[in-house]
Amino acid sequence: MSVPRPRKIVLLIALLATLVLLCCGGSVTALLVGGLDKEDGDLNVALGCGKGGPVDPDSKLPRIRPYGGDQIRNAAVIINVGADLKLPPRAWVIAVATSMQESGLTNLGYLGRERNDHDSQGLFQQRPSAGWGSVAQIRDPVYAATKFYSKLKTVDGWEEMSLTDAAQKVQISAYPDAYAKHEPLATQIVNQLADGAANAVGSSTTMVCASAGQVAASGYTLPVPESVGSGFRTASRPSHQGVDLISAKQTPIAAAASGVVSMVKCDEDHRGRHTCNVDGYPGKGGCGWMVEIQHAGNVMTRYCHMVTRPFVREGQEVTAGEIIGRVGSSGNSSGPHLHFEVHRNNDRSSAGAIDPVQFMRGQGAPLGGVG
Ligand SMILES: [Zn+2]
């Protein structure tokens, strides 16, 4: 993002004046829900945004654990079919994740009544008796992927849906929540096999990198367009578990990805007060008005210091880019900014926090809009 020079200087002065002061933390308590997830978006950083096009399934393909060569070849076929049908890269991610859940990217034959769901077969476990095609057709990966995409296209608004909702509308599975856990690795596979296509604008076939206000094919978008003022666990602030995005008061804050709101509260300060409708101050303690969202792959994002009560409630489903509140300076804060955290493994404690700059870059939504 380009910032006019005078504003940059003002920002810099404001930044230097408050470097040690912007913060949050305080009374956020630890909660381990469990679940380990080693998938990492960091590998995607060096890639483009899909301009290079999909990889040839018959070429030597990269190894992407835990899948073998045949399975990655099937993923390449799925991606290529999506590209041939002129579907945007978000569809490729949804299709790959769906096949990961249904068949482990394996072209399954009939495994017997015990192991198959009814007469389901192939990469997407489609059923001949439900009108998906003949057994021979369904066992053809190109046919199976084409059928998946053609049904996806008929789902109204699939581009904006969570991956689970979109996949469920096509598959009508008995276990719809199972799709979401594959989203991070499906994102990586699409990136590795199609030149970083999951970093591109998800709903467009132009294959340009997503910028502020746009959702990448990974399903992620920027919470605010501004860049990082104060970083993650810096030498001067080793216990700073997120980044401070210096934004004007009232700037809308977007959900970084689809998910379920798991916490909305006025975080108490060091003296046990819940006073979030006023500007805070350094040393007050607490995140002020705050929101936490649980995303696919056991990722949680946290947003602090909002100016008023957030616009969402606990248990609410949100989509990427949905406005959840506005920037303020409530809690332990010296000026308006968004304190933004990313946690792994469903670990809300500081041990679960990871560098949001690195994580968001890996999702094709680099903070500040620069990779
Ligand atoms: Zn902070």
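We did not get these values from a lab; they are worked out from the coordinates using the rules stated. All figures in this text were calculated on a predicted structure; none of them were measured in a lab. Neighbour counts run over all protein chains shown; Cβ positions are idealised from the backbone, glycine included.
The label-point distance for Asp177 and Asp119, in a model that sets each label 7 Å from Cα toward Cβ, rounds to 3.2 nm. Stretched out straight at 0.36 nm per residue, the stretch from Gln358 to Arg233 would grow longer than its current Cα-Cα span by 43.7 nm. In this simple spin-label model, placing a label point 7 Å from the Cα along the Cα-to-Cβ direction at both Gln316 and Arg65 gives a separation of 4.0 nm. Distance between the pseudo-spin-label points of Val208 and Leu85 (7 Å out from Cα toward the beta carbon): 2.6 nm.
Measuring between their Cα centroids, the stretch 310-371 and the stretch 129-207 lie 27 Å from each other. Using the Cβ-Cβ distance between Tyr281 and Val260 with R0 = 35 Å, the FRET efficiency computed as 1/(1 + (r/R0)^6) comes to roughly 0.60. When +1 charges are put on Lys and Arg Cβ atoms and -1 charges on Asp and Glu Cβ atoms, the dipole computed for the stretch 49-199 relative to its Cα centre reaches about 200 debye. Shown in residue order for the stretch 344-359 are the 3J(HN,Hα) couplings computed by the Karplus curve 6.51 cos²θ - 1.76 cosθ + 1.60 at θ = phi - 60°: 9, 6, 6, 9, 7, 6, 4, 5, x, 6, 10, 5, x, 5, 5, 5 Hz (x for Gly and Pro).
Residue separation of Arg309 and Ala248 scaled by 0.36 nm, minus their Cα-Cα distance, works out to 20.3 nm of gained length. Holding the Cα-Cα limit at 23 Å, pick out from Lys249/Lys284; Lys86/Lys153; Lys51/Lys169; Lys60/Lys147; Lys86/Lys169 the pairs that are longer than that. Beyond 23 Å: Lys51/Lys169; Lys60/Lys147. Placing unit charges on each Cβ (+1 for Lys and Arg, -1 for Asp and Glu) gives the stretch 259-371 a dipole about its Cα centre, and among Ser333, Leu367, Val318 the Cα reaching farthest toward its positive end belongs to Ser333. For Leu245, nonlocal amide neighbours, meaning residues 5 or more places apart or on other chains whose placed amide H falls under 5 Å from its own, are Gly229, Leu338, His339, Phe340.
In the frame of its principal axes, the stretch 235-331 has Cα extents of 34, 31, 26 Å, reported largest first. Between the amide H of Ser258 and those of Ala320, distances stay under 5 Å, these residues lying 5 or more places away or on another chain, with hydrogens modeled in the peptide plane. Of all the Cα-Cα pairs you can form in the stretch 49-199, what percent are over 22 Å apart? Of all Cα-Cα distances in the stretch 49-199, 33 percent exceed 22 Å.
The calculated FRET efficiency for the pair Asp58 and Lys153, based on their C-beta separation and a Förster distance of 30 Å, comes to about 0.65.
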